[in-house]
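Here the structure is laid out as structure tokens; the discussion comes afterwards.
Read-outs throughout are calculated quantities, based only on the coordinates presented, and are distinct from any laboratory measurement. These numbers were taken from a predicted model, which means no experiment stands behind them. Here the Cβ positions follow ideal geometry from the backbone for every residue, glycine too, while neighbour counts run over all protein chains shown.
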Amino acid sequence: MIEVIETYFGELLLKLITVSLPLTVIAFTIGLILALFIAIMRMSSNKVLKAISGFYISLVRGTPLLVQLFIIFYGLPTIGIVIDPYPSAVIGFSINISAYAAESIRGSILSIPNGQWEAAKSLGMNFPQTMRRIIIPQATRVAIPPLSNTLISLVKDTSLASIVLVAEMFRRAQEVAAVRPGIILQVYLLVALLYWLIVIGLTSLQNRYEKYLNRYIKGASS
């Protein structure tokens with residue numbers, strides 16, 4: 001195991017930093033933007049928008065991410081739509097994240113008591129001001145745990161990008177294992193270790209951000 005770490009740790013870590021993590025950040029950012037619009041549609045009084053967003057969430061959450069990636073990368077070319085590996089992964093992960101994050105965002109906004117809206121209205125705040133000063137800070141604190149869990153899941157799910165030929169960390173580990181089958185276990189254990197360390201770091205950042213939000217909310221309410 002020591003020999004495997006000495007030989008491949010730096011190479012796999014580089015793949016994690018230069019491919020897997022950027023893929024996570026890009027897909028999560030796009031997914032959150034889509035999720036915000038979908039959440040607003042879900043809360044809309046317009047029945048058509050509500051139905052469309054509900055169907056979208058049901059479809060995406062009801063099908064495996066792996067199948068979605070296969071449809072995008074291997075299925076669409078059969079009808080003339082060819083997308084390169086990296087954009088295919090970004091599209092697939094972003095769509096998947098948007099459906100899960102939309103429900104987290106919607107739930108966090110709905111968790112804010114109606115009295116908060118009424119108080120903002122009595123102070124003469126318009127809708128954007130109410131959202132920015134009252135609702136979003138409180139809703140963010142509620143949404144952070146589920147969204148953080150979604151982000152952590154996405155970090156691990158980037159290993160599925162190897163299926164669509166993205167040269168990320170897990171695919172490189174597969175290549176190494178194919179050439180040196182005698183160290184398959186050690187290589188995959190090393191990959192698991194690197195994912196675990198990233199998850200520990202993200203969990204620590206989540207805890208710190210939650211504490212910051214708690215202080216911010218207390219300061220704003222005092």
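What to note about this one:
- Footprinting exposure proxy ranking of Ile200, Ile72, Ile97, fewest other C-beta atoms within 10 angstrom first, gives Ile200, Ile72, Ile97.
- A cut-off under 10 angstrom between Cβ atoms defines the neighbours of Met41, and their net charge, with Lys, Arg +1 and Asp, Glu -1, is +3.
- For the chain, complete DSSP H runs whose alpha carbons reach 18 Å or more along their own long axis and whose mean Kyte-Doolittle score is 1.0 or higher are 21-43.
- Partner lysines whose Cα lies under 22 Å from the Cα of Lys156, excluding those fewer than 8 positions away in the same chain, are identified as Lys15.
- Inter-probe distance in nm under a simple model that places probes 7 Å from Cα toward Cβ, at Ile17 and Asn126: 4.7 nm
- Kirkwood-type radius of the stretch 1-67, with distances r between different C-alpha atoms, in Å: 15.0 Å
- Structure-derived Cα Rg over 2.2 N^0.38 Å: which label, when the choices are [x] 1.04; [y] 1.22; [z] 0.93: [y]
- Alpha carbon centroid spacing (whole Å) that separates the stretch 1-70 from the stretch 73-151: 12 Å
- Two-site label geometry, Val82 and Leu205: point separation in nm, points 7 Å out along Cα→Cβ: 3.6 nm
- Extension gain from Asn149 to Ile5, taking 0.36 nm per residue of separation minus the Cα-Cα distance: 49.0 nm
- For Arg171, Arg180, order by how many other beta-carbon atoms lie within 10 Å, fewest first: Arg180, Arg171
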